Structures are given as C-alpha cells and as structure tokens.
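Chemist: Below you'll find the structure I mean.
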Amino acid sequence: METFKKYTFREFLNLQGQEFQRYESTGLLLKADSWGVSDIVNWDYITVKKIQSILSGSFSYEQLIYIIRELTGYRKSRILDTPWMNVFRFYRFVKDSIERVNEMEEKLQYDPDSMEEKAGINMFNQFGYFVTIDRLAGGDPLKYEDIGKMEYSVIFSKLLLNKTDIQFTKNYHKQLTK
C-alpha cells in the first residue's frame, strides 16, 4: 500500500511532475465528504448553475478554491491550509452533486417540434440558464436576483411543472382536433 504525506492543499499544489500526478490521481479516487454543506437541492439556483458551468468546462484548482469559497464561505488561506485529501473529498462531493443535478435535468429535456425549430427556438441556447431566470422573473430584471437565490429544488420543480403543463396543453389540443 502506498503511503502519502499529510500535505496541505497548498503543499499539494506545489508538487511537481510524477509526485503531483500520483497525489492527484489518488485524490480523485477518494470518497466524498460534504464538510457539512447541505444537499445540492438546497443550494441557491444560481450557485448550482455557476458550479455546473465551471465543472462542464476546462477545470483548474483555482476554480475549485472558488467553488469551495462559494459553498463554505471559507477564506482562500483556510482552504490552502486544509489537508489535501480533505479538499479532494469535498471536490468529489461537489462533482457527485452536480452529476445528480445533470441526471435530474434530463427530465427537463425538451424536444421542439418542427414548427418551433423552423421558427428558431435554438437561438435561445446562447443564453444558457439566463433564459430560465428571465422567464421565471417574467422578464423583470429587478426579480433576477431573487430568482437566483431561490433553492434549486424550487426552481427545478417549477420547470418540471411548466414542462408538464406544456405537454398537457399540446396533448389536449391534439385531442380537440381529432
């Protein structure tokens, strides 16, 4: 069994070459630890979407520090002084949480019909999650912040309800035209 030094996260970041890779590859295999942070469905909607966006792109340890600060309120110095294994366990917790959200959001997938595609519904894709905030705020920019601060579970439930309502309405209209 390999042994590892009790480095701080700061010391881990200063490792070089194969030693860095050995510690990193081991860290990425560690089990999750939430550090007492609540379940992702209780996080602010905007926080979930920001972290989801960060983890979907190219990733850096500076971004991990930002995520930890966002979720815990810890100062950067405290994070850097935390044992490297603990930081990796928290990272696993965040990754697992975002993967769960990604799976939940598959229920929100919407297949536009041919008329919607011809009309250009895909033009909205460039706005990402901002479209959701704008729609839930009724287009009122003064409400954006309040929407972003709502728990993810509330926003997700509302979006699922909206999707169900749209599907019901479409089904109903099809029944009327038969």
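Chemist: Kindly provide the set of residues from segment 128-178 that are surrounded by fewer than 16 Cβ atoms within 10 Å (Cβ to Cβ), without any contact (Cβ under 8 Å) to a residue 24 or more places away in the chain and part of a loop (DSSP other than H, G, I, E, B), ordered by number.
Modeler: Within segment 128-178, Gly138, Gly139, Asp140, Thr177, Lys178 meet the criteria.
Chemist: So, in segment 86-120, of the ones that are touching a Leu at 6+ places or on another chain (Cβ under 6 Å) and of a type in the set (A, V, I, L, M), which residue ends up nearest to Tyr45 (Cα to Cα)?
Modeler: It comes out as Ile98.
Chemist: To continue, here is another question. Determine, yes or no, whether Ser58 is out of contact with any Cys (no Cβ under 9 Å at 6 or more places or on another chain) and closer than 25 Å to Tyr152 by Cα.
Modeler: Against the criterion (out of contact with any Cys (no Cβ under 9 Å at 6 or more places or on another chain) and closer than 25 Å to Tyr152 by Cα), Ser58 qualifies.
Chemist: Can you find a residue in segment 71-89 that is at pLDDT 95 or above, closer than 20 Å to Val48 by Cβ and among the acidic types (Asp, Glu)?
Modeler: So far as segment 71-89 goes, no, none of its residues is at pLDDT 95 or above, closer than 20 Å to Val48 by Cβ and among the acidic types (Asp, Glu).
Chemist: Further question: Return the residues of segment 128-177 that are of a type in the set (Ser, Thr, Tyr) and within 17 Å of Tyr110 (Cβ to Cβ); say none if nothing qualifies. Working first, answer last.
Modeler: Residues of segment 128-177 that are of a type in the set (Ser, Thr, Tyr), as a first pass: 129, 132, 144, 152-153, 157, 164, 169, 172, 177.
Within segment 128-177, Tyr129, Thr132, Ser157, Thr164, Thr169 meet the criteria.
Chemist: Is it the case, given these coordinates, that Arg78 is more than 16 Å from the chain's Cα centre (by Cα) and surrounded by fewer than 18 Cβ atoms within 10 Å (Cβ to Cβ)?
Modeler: On the way: more than 16 Å from the chain's Cα centre (by Cα): yes; surrounded by fewer than 18 Cβ atoms within 10 Å (Cβ to Cβ): yes.
Answer is yes for this residue.
Chemist: Could I ask something else about it? Residues of segment 101-127 being assigned to a helix (DSSP H, G or I), without any contact (Cβ under 8 Å) to a residue 24 or more places away in the chain and acidic (Asp, Glu), which ones?
Modeler: Correct list: Glu103, Glu106, Glu116, Glu117.
Chemist: Six or more apart or on different chains, Cβ under 6 Å: which pairs go from a residue in segment 63-83 that's in the same structural domain as Trp35 (by TED's automatic domain parsing) to one that's loosely packed, with under 14 Cβ neighbours inside 10 Å and part of a helix (DSSP H, G or I)? Could you list them?
Modeler: Ile65/Lys76
Chemist: When the residues of segment 34-62 are filtered to those that are of a type in the set (A, V, I, L, M) and in contact (Cβ under 8 Å) with a residue 60 or more places away in the chain, which remaining residue is farthest from Asp146 (Cα to Cα)?
Modeler: Checked segment 34-62; the qualifying residue farthest from Asp146 (Cα to Cα) is Ile40.
Chemist: For segment 1-22, what are the residues that are surrounded by 13 or more Cβ atoms within 10 Å (Cβ to Cβ), of a type outside the set (Phe, Trp, Tyr) and part of a loop (DSSP other than H, G, I, E, B)?
Modeler: Once the filter is applied, which keeps residues that are surrounded by 13 or more Cβ atoms within 10 Å (Cβ to Cβ), of a type outside the set (Phe, Trp, Tyr) and part of a loop (DSSP other than H, G, I, E, B), segment 1-22 yields only Leu15.
Chemist: Would you confirm whether any residue within segment 39-47 is surrounded by fewer than 16 Cβ atoms within 10 Å (Cβ to Cβ) and not β-branched (Val, Ile, Thr)?
Modeler: Checked against the condition, which is being surrounded by fewer than 16 Cβ atoms within 10 Å (Cβ to Cβ) and not β-branched (Val, Ile, Thr), segment 39-47 yields at least one hit.
Let's see how each residue does on (1) more than 21 Å from the chain's Cα centre (by Cα); (2) modelled with pLDDT under 95; (3) not small (Gly, Ala, Ser):
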{"residue": "Asp140", "(1), (2), (3)": "yes, no, yes"}
{"residue": "Lys143", "(1), (2), (3)": "yes, no, yes"}
{"residue": "Glu151", "(1), (2), (3)": "no, no, yes"}
{"residue": "Ile155", "(1), (2), (3)": "no, no, yes"}
{"residue": "His173", "(1), (2), (3)": "yes, yes, yes"}
{"residue": "Thr177", "(1), (2), (3)": "yes, yes, yes"}
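Chemist: Okay, next question. Hey, Lys107 hits all of (1) exposed (fewer than 10 other Cβ atoms within 10 Å of the Cβ); (2) basic (Lys, Arg); (3) within 25 Å of Ile51 (Cβ to Cβ) but one; which does it fall short on?
Modeler: (1)
Chemist: For Met1, indicate whether it is among the aliphatic types (A, V, I, L, M), modelled with pLDDT of 95 or more and more than 27 Å from Ile155 (Cβ to Cβ).
Modeler: So Met1 does not fit the description; no.
The values are calculated or read from the model by the stated rules, or taken from the named source; none is laboratory data. For clarity, every value in this text was computed on a predicted model and none was experimentally measured. Virtual Cβ from ideal backbone geometry, glycine too; neighbours counted across all protein chains shown.
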